[in-house]
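Okay, so here's the structure we're looking at.
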Amino acid sequence: MVSERHRRQGLADGLYRDLFERATAAGHDRIVCEVNLEPPNPGSDAFHEGMGFVAVGRAELQPSGKTVRYWEKLL
């Protein structure tokens, strides 16, 4: 999560690229995350798609009432 004030500066991209490198070095073969569908978060959806993540599922979380999308990126 990057604050609005610091978005579009490459921070999230850098954090993820570092995560991908460390996960690969540790022998992991994928990274997964969840992004809100309700309430919607189209900016995060676009970011994750741009980073090569693929939507692999969704869930309705109780008792919060949120609906989330699960994303996966194979390393």
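The values are calculated or read from the model by the stated rules, or taken from the named source; none is laboratory data. All figures in this text were calculated on a predicted structure; none of them were measured in a lab. Here the Cβ positions follow ideal geometry from the backbone for every residue, glycine too, while neighbour counts run over all protein chains shown. Note: accessible area is taken over every heavy atom of the protein model, side chains too, but ligands, DNA and RNA are not part of it. Shrake-Rupley method; radii C 1.70, N 1.55, O 1.52, S 1.80 Å.
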Any chance VAL2 is open to solvent by less than 70 Å² (accessible area, probe 1.4 Å), of a type in the set (Val, Ile, Thr), in contact with a strand residue (DSSP E or B) (Cβ under 6 Å, 6 or more places away or on another chain) and outside any helix (DSSP H, G or I): no
Qualifying residue in the stretch 20-30 (condition: touching a strand residue (DSSP E or B) at 6+ places or on another chain (Cβ under 7 Å) and among the β-branched types (Val, Ile, Thr)): no
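Which of the strands (runs of 3 or more DSSP E) found entirely inside the stretch 9-75 contain at least 1 residues meeting this: in contact (Cβ under 8 Å) with a residue 40 or more places away in the chain and either open to solvent by 70 Å² or more (accessible area, probe 1.4 Å) or out of contact with any Asp or Glu (no Cβ under 6 Å at 6 or more places or on another chain) (or both)? Lay out the reasoning, then the answer.
Working: elements: 30-38, 54-60, 67-74.
Counting at least 1 such residues, we get 30-38, 67-74.
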